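Below is one structure, written out as structure tokens; comments come after it.
The values are calculated or read from the model by the stated rules, or taken from the named source; none is laboratory data. Treat the numbers as computed from the prediction; the structure is a model and nothing was measured. Because the Cβ atoms are built from the backbone with ideal geometry, glycine has one as well, and the counts that use them run over all protein chains shown.
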Amino acid sequence: MSVALTAACGSESGAADTPATPAVDLAALDVGGFTTQPKPYGKVNSIELAKLVEAERMANHLPLPQEIMPEAKYGPSAMGGAIRPFIDFSSAAVQSRANADPAAMHAAAPGFVSGFVTTGRSDAVANLSYELDNLVMIFSDEKSASDAATALGQLDLAAVPENQPVQLPDYPNAVAYTTDHPLSGPGQIRSWYATGKFVIFSYVYDSIMSELKEADQAKLVERVQRSISTISPRVAKFQPTPVDQLMNLDTDMDGVLARALSTVVDDQSQRGIPGVYDRQGGLHISPAPEIDKPLFEATGVDRVAWRGNWVYRTQDPDAAARFVEERSETTRRITRVESPKGLPNAQCRKLLGASKYEIAYYCYVAYDRYAAEVAANQLADAQQRISAQYALLANSK
């Protein structure tokens, strides 16, 4: 599911640029057909958008996978992390992890509002890792959540003949089951558990167990139980918006989403749902949280917006410049390429030998306390995007 968002404008005082930033003639920049003028946001304009914003608000309270299992600090696959907030059981967020029919799931969970996926891996190499996924779902009331956890768990348990029920010693009310599927092998566990107005659906897939054709059920159970014990007290601190007040939610937190260039509709290599988060939520949607966590802390990132491209609000202009400097470092696989005409303070890089699942070109720029990142599979496109992104930041004063 994709949602088109209308840009908004926030206002913020401060210097237009850091002192070392060269003067930029916005009118001379090649911005292609991209919009560089902000438009105001207000309240959400549909119940679907309201539910997505509610899921994004909840994400700011959820623990990172590495807070559950320290080794699960690496980002997921591009497909596994593409969709985080969801409002329907037919979403890839659910259907890539559960096997029950989405229509049956919808009928079994009438109080469902929205949900968010947290996901991480224990190793940068997929087949040497296990994936730790937790889908946390908001319900209208505690009874709806409790009833849904049981009903959804039983539906998914029955959906695959190879599923085998297991008991979680610390959570006897959870519906949990392992799988030893002929194609995917052992090393999988799923669990549905209700806590307050929330349902936690945990899914663990251990690639090593699958490859060795030998599951360690105790380890699988431990990962699920630690997920529940870590998430439950954290999500309890989040106060869900009453269903009848969802349309009163603000779409854009501090006007930061308005500052992010929208390309999510234009570029099919970038999948996901636009949104704005605080630092914690921003780490959830980061492709590389193990790298971004110390960078966010060092530069004081407190807002992260994504609309196909990224905008990070740092603590001050110097921090934004440092963010761009560190993000744009070269490696053996990443080489420097030319900056766009008229924007010498932008930094552009090329990923050498990019596969069909990877984006080849990345450009970065800072403006005031904001750092931005764009990506494209053609250099000219990336240069136009970073130029348009800079102009949008400059015009959002």
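Quick one: count up the residues across segment 145-176 that are in contact with a Gly (Cβ under 9 Å, 6 or more places away or on another chain) and either over 13 Å from Glu222 (Cα atoms) or at pLDDT below 95 (or both).
5
Please state which of the following conditions Asn127 fails to meet, knowing it meets all the rest: (1) in contact with a strand residue (DSSP E or B) (Cβ under 7 Å, 6 or more places away or on another chain); (2) modelled with pLDDT under 95.
(1)
Hey, Phe323 hits all of (1) modelled with pLDDT of 95 or more; (2) part of a loop (DSSP other than H, G, I, E, B); (3) of a type in the set (Phe, Trp, Tyr) but one; which does it fall short on?
It fails just one condition, (2).
Looking only at segment 190-222, which residues are β-branched (Val, Ile, Thr) and farther than 15 Å from Leu152 by Cα?
Of everything in segment 190-222, those that are β-branched (Val, Ile, Thr) and farther than 15 Å from Leu152 by Cα turn out to be Val204, Ile208, Val221.
Residues being within 22 Å of the chain's Cα centre (by Cα) and not in a strand (DSSP E or B): count how many of those fall in segment 198-228.
5
So which residues in segment 194-208 are in contact with a helix residue (DSSP H, G or I) (Cβ under 8 Å, 6 or more places away or on another chain) and touching a residue at least 60 places away in the same chain (Cβ under 8 Å)?
Phe198, Val199, Ile200, Phe201, Ser202, Val204, Asp206, Ser207, Ile208
Quick one: Asn127 ticks every box in (1) over 14 Å from the mean Cα position of the chain (by Cα); (2) in a strand (DSSP E or B) except a single one, so which number is it?
Condition (2) is where Asn127 drops out.
Go through (1) within 25 Å of Ser77 (Cα to Cα); (2) surrounded by 15 or more Cβ atoms within 10 Å (Cβ to Cβ) and name the single condition Arg369 misses.
So the condition that Arg369 fails would be (1).
With Arg234, Arg259 as the choices, which residue is of a type in the set (Lys, Arg) and surrounded by 18 or more Cβ atoms within 10 Å (Cβ to Cβ)?
Values: Arg234 fails: surrounded by 18 or more Cβ atoms within 10 Å (Cβ to Cβ).
Unique residue meeting the criteria: Arg259.
This table checks each residue for (1) within 25 Å of Thr35 (Cβ to Cβ); (2) within 22 Å of the chain's Cα centre (by Cα).
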position: Arg322; (1), (2): no, no
position: Lys341; (1), (2): yes, no
position: Ala346; (1), (2): yes, no
position: Lys350; (1), (2): no, no
position: Lys356; (1), (2): no, yes
position: Ala371; (1), (2): yes, yes
position: Asn377; (1), (2): yes, yes
position: Ser396; (1), (2): yes, no
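If I filter segment 269-288 for residues that are among the charged types (D, E, K, R), touching a residue at least 60 places away in the same chain (Cβ under 8 Å), surrounded by fewer than 21 Cβ atoms within 10 Å (Cβ to Cβ) and assigned to a loop (DSSP other than H, G, I, E, B), do I get at least one hit?
Narrowing segment 269-288 to residues among the charged types (D, E, K, R): 271, 278-279.
Still in the list and also touching a residue at least 60 places away in the same chain (Cβ under 8 Å): 271, 278.
Retained after the next criterion (residues that are surrounded by fewer than 21 Cβ atoms within 10 Å (Cβ to Cβ)): 271, 278.
Retained after the next criterion (residues that are assigned to a loop (DSSP other than H, G, I, E, B)): 271, 278.
Within segment 269-288 (the criterion being among the charged types (D, E, K, R), touching a residue at least 60 places away in the same chain (Cβ under 8 Å), surrounded by fewer than 21 Cβ atoms within 10 Å (Cβ to Cβ) and assigned to a loop (DSSP other than H, G, I, E, B)), the answer is yes, since at least one residue qualifies.
Could you check segment 223-234 and list, in sequence order, the residues that are closer than 16 Å to Gly120 by Cα and without any contact (Cβ under 8 Å) to a residue 40 or more places away in the chain?
If the condition is that a residue be closer than 16 Å to Gly120 by Cα and without any contact (Cβ under 8 Å) to a residue 40 or more places away in the chain, then no residue fits.
Count, please, the residues in segment 324-344 that happen to be closer than 22 Å to Thr263 by Cα and not acidic (Asp, Glu).
So the count comes out to 9.
Report, by residue number, each residue of segment 27-72 that is of a type in the set (A, V, I, L, M, F, W, C), in contact (Cβ under 8 Å) with a residue 60 or more places away in the chain and part of a helix (DSSP H, G or I).
Once the filter is applied, which keeps residues that are of a type in the set (A, V, I, L, M, F, W, C), in contact (Cβ under 8 Å) with a residue 60 or more places away in the chain and part of a helix (DSSP H, G or I), segment 27-72 yields Ala28, Ile47, Leu49, Ala50, Leu52, Val53, Ala55, Met58, Ala59, Ile68.
Return the residues of segment 181-194 that are over 18 Å from Val221 (Cβ atoms) and within 25 Å of the chain's Cα centre (by Cα); say none if nothing qualifies.
Selection gives Ala194 alone.
Can you tell me how many residues in segment 160-180 are more than 28 Å from the chain's Cα centre (by Cα) and part of a strand (DSSP E or B)?
Total meeting the criteria: 5.
Which residues, taken from segment 339-357, are surrounded by fewer than 16 Cβ atoms within 10 Å (Cβ to Cβ), without any contact (Cβ under 8 Å) to a residue 24 or more places away in the chain and not hydrophobic (A, V, I, L, M, F, W, C)?
Scanning segment 339-357 gives Gly353, Ser355, Lys356.
Do we find that Ala320 is without any contact (Cβ under 8 Å) to a residue 60 or more places away in the chain, of a type outside the set (D, E, K, R), in contact with a strand residue (DSSP E or B) (Cβ under 6 Å, 6 or more places away or on another chain) and surrounded by 22 or more Cβ atoms within 10 Å (Cβ to Cβ) in this structure?
No.
Exactly one condition in (1) within 15 Å of Ser202 (Cβ to Cβ); (2) part of a loop (DSSP other than H, G, I, E, B); (3) more than 25 Å from the chain's Cα centre (by Cα) is false for Leu157; which is it?
(2)
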